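Just below is one structure, and these are the notes that go with it.
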Amino acid sequence: MMRIALPLAVALCCAIPALAAAPAAEPVFPRFDVRDTGAPPAGVPEVAPWKVVALDPDYAGQWAVAGDVDGDGAVEIVAAENVNVEDTHYTSAVAAHRLDGSVLWHWGNPDAGRKTWHHDVACQIHDWDGDGKNEVVVCDQRDIVELDGATGAEKRRIPIAEGATDCLVFCDLAGRGRPEEVLVKDRYERIWAYDRDGKPLWDVKKPGGYRTAHQPRPMDVDGDGRDEILAGYALLNPDGSVRWVYKTKENILPGIGHLDCARVLRAGKTPEDFRIVFTCCGANNIAVVDGAGAVVWERPGLHFESVQTGTIVADAPGRQILVDVDHTPDGESPMWVLDADGTPLGRITTRYSRHHRLLDWTGDGLADILAADSRGVYDGTGKRVATFAMPGVGDPAKEGYELSALTGDCDGDGVPDVLIVTPGTVYVYRNENGKRPEGPAVPGTGMNVTLY
């Protein structure tokens, strides 16, 4: 997934050619088609960081999540190192940081892992027991490890299969109204579900005959209060049985590629009302299906990767899709905006567009595009409206890492702020103009599902 050197297994998987999808014809982007691969345009406001958090040099790494872990009402940043051995991953060390840069606690083996990443890391903040206090939950080499959020002390360990440490996802399989079950997985073969007490519930190998997605994606498509799990090209019922398998017109065969990224484009009262967008590694395809698995539309021919959904272009109907096109030459890395029917609306080409987010930065109620590598925010016309200053940071590409971008409320006003993360530092930028989203304000970033 990354441009820097990859483990062989990832390089091979992502390099699988499409079987049926011919190279896509060059589309027309009627709303905007912008190239921004050099210095920021003159006159674009530069945003200074509100906080600069130097990460613990021994225990912390570039994988980060933010939340109130000690119950003081302020957000802390939890950053993790990870081990990668032949594309098998686990979390090796973690440090929790206050926004003033002081270290609240650390855990793990600081000598085992690396600070950079190319995959999701099993390290999340979650109030697992429902007592109103957050825990930090990680997967080390053989266990799910629950850490006290305030002290970092180990509360308990749940033994898991060797290699089932690729990521962890909380979900509601029992219909209790909150995520109490947890999913873990190996890289591409198998997913395991456990309840809050650590009891194994089920495991599925090659769901529907296909490789797993990088992240199991919980979603309640039938409204019964229990999550179904998009495990790859198959949607699983809460008991782990297969509900449906994606049937593409683009000739994806078992063993070829995998689902890269999935997001809900539209929720509904029935499965048929749902719209789910996902991208297909190895099949060079982006598709939207309904909650019953029926294909609504597909667009083959390019290696579409990360997906975000929101209202970006003001007068386009419905929610829209932001997706980057990966496996492109250096300096030729586009992000596309598609409408809900798959029609191209706009394109922004940056030096490297792999890591992006959506948030309302300008205060107009629309979603603006945050691109990590360019350190820029772009509005729904493709115009760059802000550049984030990063004092002391050189060229990440020359230094062998990629910038990570997160969003979440860090200053307590309920408006999502911007976090840009390097292997050694987190830069936090206050969002002073964006509107507060509807619903309850949740401090921090929530679950980090960054890299696939």
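The values are calculated or read from the model by the stated rules, or taken from the named source; none is laboratory data. All values reported here derive from a predicted model rather than from experimental measurement. No Cβ is skipped: glycine too gets one built from the backbone with ideal geometry, and neighbour counts run over all protein chains shown. For accessibility, only protein heavy atoms count, side chains too; no ligands or nucleic acids. Shrake-Rupley method; radii C 1.70, N 1.55, O 1.52, S 1.80 Å.
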Do any trypsin sites (Lys or Arg not before Pro) in the stretch 247-309 lie in a loop, going by DSSP, with at most 15 other beta-carbon atoms within 10 Å of their beta carbon, and if so which? Lys247, Lys249, Lys269
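Taking all pairs of distinct Cα atoms, average 1/r, flip it, and tell me the Kirkwood hydrodynamic radius of the stretch 213-291 in Å to one decimal place. Walk me through the numbers on the way to the answer.
On the way: mean 1/r = 0.0790 Å⁻¹.
Across the stretch 213-291, the inverse of the average 1/r is 12.7 Å.
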Unit Cα scatterers, Debye sum, the stretch 349-410: log10 I(q)/I(0) for q = 0.23 Å⁻¹: -1.01
Order 48-60, 211-223 from most to least packed using the mean count of other Cβ atoms within 10 Å. 211-223, 48-60
By per-residue mean of other Cβ atoms within 10 Å, what is the highest-first order of 157-165, 331-339, 98-106? 331-339, 157-165, 98-106
Can you give the alpha-carbon Rg of the stretch 101-240 over 2.2 N^0.38 Å, where N counts its residues? 1.06
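What are the semi-axes of the equivalent ellipsoid for the chain, taken as the square roots of 5 times the Cα gyration tensor eigenvalues, largest first, in whole Å?
On the way: eigenvalues 173, 159, 92 Å².
Here the semi-axes work out to 29, 28, 21 Å.
Based on the mean of other Cβ atoms within 10 Å per residue, sort peptides 37-43, 281-287, 179-185, 307-313 so the most packed one is first.
On the way: 37-43: 10.0, 281-287: 26.6, 179-185: 24.0, 307-313: 20.9.
The densest-packed peptide leads the list: 281-287, 179-185, 307-313, 37-43.
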I need to check one value: relative contact order of the chain, counting alpha carbon pairs closer than 8 Å and at least 6 residues apart, in percent. 16
Taking every other residue with Cβ under 10 Å from the Cβ of Ala60 and scoring Lys and Arg +1, Asp and Glu -1, one gets -2
Long-range Cα-Cα pairs in the stretch 195-335 (distance over 23 Å), rounded percent: 35
For the stretch 136-198, max minus min Cα coordinate along each principal axis, in Å, sorted largest first? 35, 30, 15
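Only helical DSSP H runs with n ≥ 4 go in: add -39500 (n - 2.57) per run for the chain, normalise by residue count and round the 222 nm mean residue ellipticity to 500 deg cm²/dmol. Intermediate results must be reported in sequence, preceding the final value.
On the way: 2 runs with 11 residues, N = 452.
One gets -500 deg cm²/dmol as the mean residue ellipticity at 222 nm.
With Kirkwood's inverse mean 1/r over C-alpha pairs for Rh, give me the Rg to Rh ratio of the stretch 174-243, two decimals please.
On the way: Rg = 11.2 Å, Rh = 12.0 Å.
The Rg/Rh ratio comes out at 0.94.
Once neighbouring chains are kept in place and the probe is 1.4 Å, which whole percent of the accessible area of the chain is contributed by carbon and sulfur? Write down the numbers at each step before the final one.
Working: 8280 of 16830 Å².
Carbon and sulfur: 49 percent of the exposed surface of the chain.
Just to confirm, what accessible area per residue do you get for the stretch 45-103 at 1.4 Å probe, in whole Å²?
On the way: 2080 Å² over 59 residues.
Per residue, the stretch 45-103 has 35 Å² of solvent-accessible surface.
Normalising by the residue count of the stretch 13-144, find the relative contact order in percent from Cα pairs under 8 Å and 6+ residues apart. Walk me through the intermediate numbers first.
Details: 218 pairs, mean separation 26.9, N = 132.
Contact order relative to length: 20 percent.
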Please report, to two decimal places, log10 I(q)/I(0) for the stretch 64-121 at q = 0.15, 0.24 Å⁻¹ as given by the Debye formula with identical point scatterers on the Cα atoms and no solvent. -0.46, -0.93
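Once the Cα gyration tensor of the stretch 320-432 is found, what semi-axes does its equivalent ellipsoid get, as square roots of 5 times the eigenvalues, in whole Å, sorted largest first?
Working: eigenvalues 97, 82, 22 Å².
Semi-axes from the Cα gyration tensor: 22, 20, 10 Å.
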Residues of the stretch 297-444: accessible area per residue with a 1.4 Å probe, Å²: 33
Exceeding the 25 Å Cα-Cα cut-off - candidates Lys206/Lys249; Lys115/Lys199; Lys185/Lys398; Lys133/Lys206: Lys115/Lys199; Lys185/Lys398; Lys133/Lys206
